[in-house]
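Enquirer: Below is a structure I'd like to ask you about.
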Amino acid sequence: MDPPALQLLRRKLIDGNHILHHHGILDAYGHLSVRHPLDPDIFIMSRNIAPGLLASPDDLIEYTVSTGQPLDSSSPGGFVERHIHSEIYARHPDVHSVAHSHAEAVLPYTIAMDVPLRACTHMAGFLGAAPVPVYDVAEHTEDGSDLLVREGTLARELARHFDDGCVVALMRGHGFTVVAERVELAVLRAIYTQKNAVVQTAAMTLCAAVNPPGGNPGRGIRYLSEEEAVAAAHMTRWSAKRPWGLWLREVEESGLYLNQG
């Protein structure tokens, strides 16, 4: 029998996938992973399956951080973008969970290069006071790329964006990736990255109605200061269990999701 800590983490990983699907952060695509609780050179994520349909520990695959390859060569097929996770874990030993999303509310900020995503609500202080960085796979591939991070070399460049304490990176025309010290916090950050994008878009729309045509779309918006962002990020760290409990109950009662972990 597997150690209790591993059993618990597998169940939590399944729950996290369901929560992110329930909130529209993941749809049929996207993924969530966690570093192994007993071996830091292993991470766990689901097989190639829609996140909302993940149901059993049999749906989970253990990968080696250093290679991005499954420990068991007979494992079911996995995600082609698993190297996003392996390279982040390899470069950042303090990261224990990674989420990758294609949420539509965030996507405009990955392609509107003169309109950066910035922290504008207290629940998104983890974004920091500076504009959220954008990773462009086209800078590292030839023309004709499908924008997927298919190789370790591409994922390695993405992983650099999380240096210096950055926890969210946008991906041009693709989505965004979030890192955290634990599953609950990765889920919270993914959800509130999307919510912050919704609020910022609404604020820019409101400002555009009163600002002169052709002006700065962000004019008139007051974003979080550096001090506010630090304090707000700390707040979400210690309070993450509160929304997790609510979100878990929501998916348990929805009738859609199954967790046999």
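Enquirer: Hey, fewest Cβ within 10 Å first, where do D114, D72 land in order?
Expert: In order of increasing Cβ crowding within 10 Å: D114, D72.
Enquirer: Just rank W247, W238, fewest to most, by other beta-carbon atoms within 10 angstrom.
Expert: W238, W247
Enquirer: Rounded to the nearest 20 debye, what is the charge dipole size of the chain about its Cα centre when +1 sits on each Lys and Arg Cβ and -1 on each Asp and Glu Cβ?
Expert: My answer is approximately 740 debye.
Enquirer: Using DSSP, restrict attention to beta bridges with both residues in the chain and report what percent are antiparallel, rounded to the nearest 5.
Expert: So the antiparallel bridges in the chain amount to around 90 percent.
Enquirer: Still on this structure, I have one more. Starting at the first residue of the range 155-161, write each ³J(HN,Hα) from the Karplus equation 6.51 cos²θ - 1.76 cosθ + 1.60 with θ = phi - 60°, in whole Hz, x for Gly and Pro.
Expert: Residue by residue, the range 155-161 yields 5, 5, 5, 4, 4, 5, 5 Hz.
Enquirer: Calculate one ³J(HN,Hα) per residue across the range 101-115 by plugging θ = phi - 60° into the Karplus curve 6.51 cos²θ - 1.76 cosθ + 1.60, and present them in order as whole Hz with x for glycine and proline.
Expert: 10, 10, 3, 5, 5, 8, 3, x, 6, 8, 10, 8, 5, 9, 10
Enquirer: With unit charges on the beta carbons (Lys and Arg positive, Asp and Glu negative) and the dipole taken about the Cα centre of the range 104-228, which residue among Y135, L117, G165 sits farthest to the positive side?
Expert: L117
Enquirer: Residues with amide H under 5 Å of S97's amide H, sequence separation 5 or more or different chain, H placed in the peptide plane at 1.01 Å from N; which?
Expert: Excluding prolines and chain starts, which carry no amide H, the hits are R35, A180, R182.
Enquirer: Next question, about the same structure. Near the amide H of H92, under 5 Å away, which other amide H atoms are found, from residues 5 or more places off or on another chain, if H is placed in the peptide plane?
Expert: none
Enquirer: GNM on the chain, C-alpha springs below 10 Å: top fluctuator among N211, N48, N196?
Expert: N211
Enquirer: Another one. If you plug each phi of the range 79-90 into the Karplus form 6.51 cos²θ - 1.76 cosθ + 1.60 with θ = phi - 60°, what whole-Hz ³J(HN,Hα) values come out, in order, with x for Gly and Pro?
Expert: Per residue, the Karplus-derived 3J(HN,Hα) values read 6, 5, 9, 4, 5, 3, 6, 4, 6, 5, 4, 5 Hz.
Enquirer: Which value at 222 nm does the chain reach when only helices count, each DSSP H run of 4 or more adding -39,500 (n - 2.57), with the total divided by all residues and rounded to the nearest 500 deg cm²/dmol?
Expert: -12000 deg cm²/dmol, from helical runs alone.
Enquirer: Now for a different question. Positive end of the dipole of the chain, charges at C-beta (+1 Lys, Arg; -1 Asp, Glu), about the Cα centre: which of L147, S86, G245 has its Cα farthest in that direction?
Expert: Result: G245.
Enquirer: Can you sort T121, T110 by how many other beta carbons sit within 10 Å, fewest first?
Expert: Fewest-to-most Cβ neighbours within 10 Å comes out as T121, T110.
Enquirer: With the cut-off at 1.5 for a/c, could you classify the range 1-153 from its C-alpha gyration tensor as rounded, prolate or oblate?
Expert: It is prolate, given that a/c is not under 1.5 and a/b is the larger ratio.
Enquirer: Sticking with this one: Which value in nm describes the separation of the simple spin-label points at S254 and E151, placed 7 Å from the Cα toward the beta carbon?
Expert: Taking the two extended label points, one gets 3.7 nm.
Enquirer: On to the next question. Which option, [x] 17.7; [y] 22.0; [z] 18.8, is the value of Kirkwood radius over Cα pairs in Å that was calculated from these coordinates?
Expert: [z]
Only the coordinates and a few stated rules stand behind these numbers; no lab work does. As the structure is a prediction and not an experimental result, all values here were calculated from the model. We place every Cβ from the backbone using ideal geometry, glycine too, and count neighbours over all the protein chains shown.
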